[in-house]
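Visitor: Here it is, the structure, as structure tokens.
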Amino acid sequence: MRIAVAGIGGVGGYIGAHLCELDDEVIFLARGEHAKAIAEEGLLVKSDEGEMIARPNKVVSADALEGKIDLLLLCVKSYDIEQVLAELSNNITPSTIIVPFSNGVEHKEKIEALVDAKVLQGAVYILAHKEANGVIVKKGKVFAALFGDERYKEETALVSSLFQKAGLRHKTPENIEEAIWKKYLFISAFAALTSYFDISMRQVYEGHKNWAETLLKEIADVAEAKGIDIHDEVDKALQTASSLPEDATSSMHLDFKNGSKTELETLCGYVVREGKRLRLPTPMMAKIYGVLKLK
């Protein structure tokens, strides 16, 4: 099987490194010095369990890849999905399986509008980031990949078997849309609050728990208006934040600190826009979104 992993940051790097343990062909889609370092020295993944060096079969930019792809794992930031798919248009066939592991709840529909492929829904729970060129760091023990689609049960089972063989913890929930929203609930709220206060997720819980609870409820209200009840997840999200490492923060917060492009529109703007469309007020998210947009 020919597997391409697009985006070799914390998510793609960690998943891709484990997939390199398989006998399948694994291609890392990356650019610049990061790609050069991986091609020359392999990808170093540092975690609480130790260190590993992964050596993919090929490291290449998306626009330079030749040949068809059997499985494409989209681990790029949400704002890069469209460009990556455009660059891979000649590599994607109607039988290609695509799993987006980018933050957000609307990627499947967007991808299906851009390419003819078998698109699953996906999400990942992980605290990981690129530390340096060729180096990925994973914090804590948290890791779980969620994916699936009721229309593509065979494809879901195939991806599940690959993750199983690679030792990657995963689930294929019956109600994948609800599972995706549960992940979005947490990351949307804590990406917003860590970026707004410029502090870690646990510090948000310890110093601004009331803000977190209010924001989580606003996001859950939007989900409920779309037919997905995740209000029971609010307390779980707060508990998760309280148990994270002291310095663990969101990728969006790191992007703001580094002056990089952010997923503000996906993680905050979407809630505000959907709230307006559904005639549902989201005052706290609107306030946070307004402030962060000025940054």
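The values are calculated or read from the model by the stated rules, or taken from the named source; none is laboratory data. Note that the structure is predicted; figures quoted are calculated from it, not measured. Here Cβ is always computed from backbone atoms with ideal geometry, including for glycine, and neighbour counts include all displayed protein chains.
Visitor: Residue check: is Tyr152 within 21 Å of Thr266 (Cβ to Cβ), at pLDDT 95 or above and either outside the structural domain of Ser243 (by TED's automatic domain parsing) or out of contact with any Cys (no Cβ under 9 Å at 6 or more places or on another chain) (or both)? Don't jump to the end; show me each part of the working.
Guide: Details: within 21 Å of Thr266 (Cβ to Cβ): no; at pLDDT 95 or above: yes; either outside the structural domain of Ser243 (by TED's automatic domain parsing) or out of contact with any Cys (no Cβ under 9 Å at 6 or more places or on another chain) (or both): yes.
When the stated conditions are applied, Tyr152 does not pass them.
Visitor: For the stretch 159-186, give me each residue that is exposed (fewer than 15 other Cβ atoms within 10 Å of the Cβ) and assigned to a helix (DSSP H, G or I).
Guide: Matches in the stretch 159-186: Ser161, Gln164, Lys165.
Visitor: While we're looking at this one, here's another question. Which one is surrounded by the most Cβ atoms within 10 Å (Cβ to Cβ), of the residues in the stretch 216-253 that are more than 22 Å from the chain's Cα centre (by Cα) and in contact (Cβ under 8 Å) with a residue 24 or more places away in the chain?
Guide: Asp221
Visitor: Inspect the stretch 98-115 for any residue being part of a loop (DSSP other than H, G, I, E, B), over 30 Å from Ala189 (Cβ atoms) and out of contact with any helix residue (DSSP H, G or I) (no Cβ under 6 Å at 6 or more places or on another chain) and give the result as yes or no.
Guide: Scanning the stretch 98-115, I find no residue that is part of a loop (DSSP other than H, G, I, E, B), over 30 Å from Ala189 (Cβ atoms) and out of contact with any helix residue (DSSP H, G or I) (no Cβ under 6 Å at 6 or more places or on another chain), so the answer is no.
Visitor: Which one of these is in the same structural domain as Val159 (by TED's automatic domain parsing), touching a Gly at 6+ places or on another chain (Cβ under 7 Å) and within 26 Å of Leu185 (Cα to Cα): Ile81, Ile53, Ile126?
Guide: On the way: Ile81 fails: touching a Gly at 6+ places or on another chain (Cβ under 7 Å); Ile53 fails: within 26 Å of Leu185 (Cα to Cα).
Residue meeting the stated conditions: Ile126.
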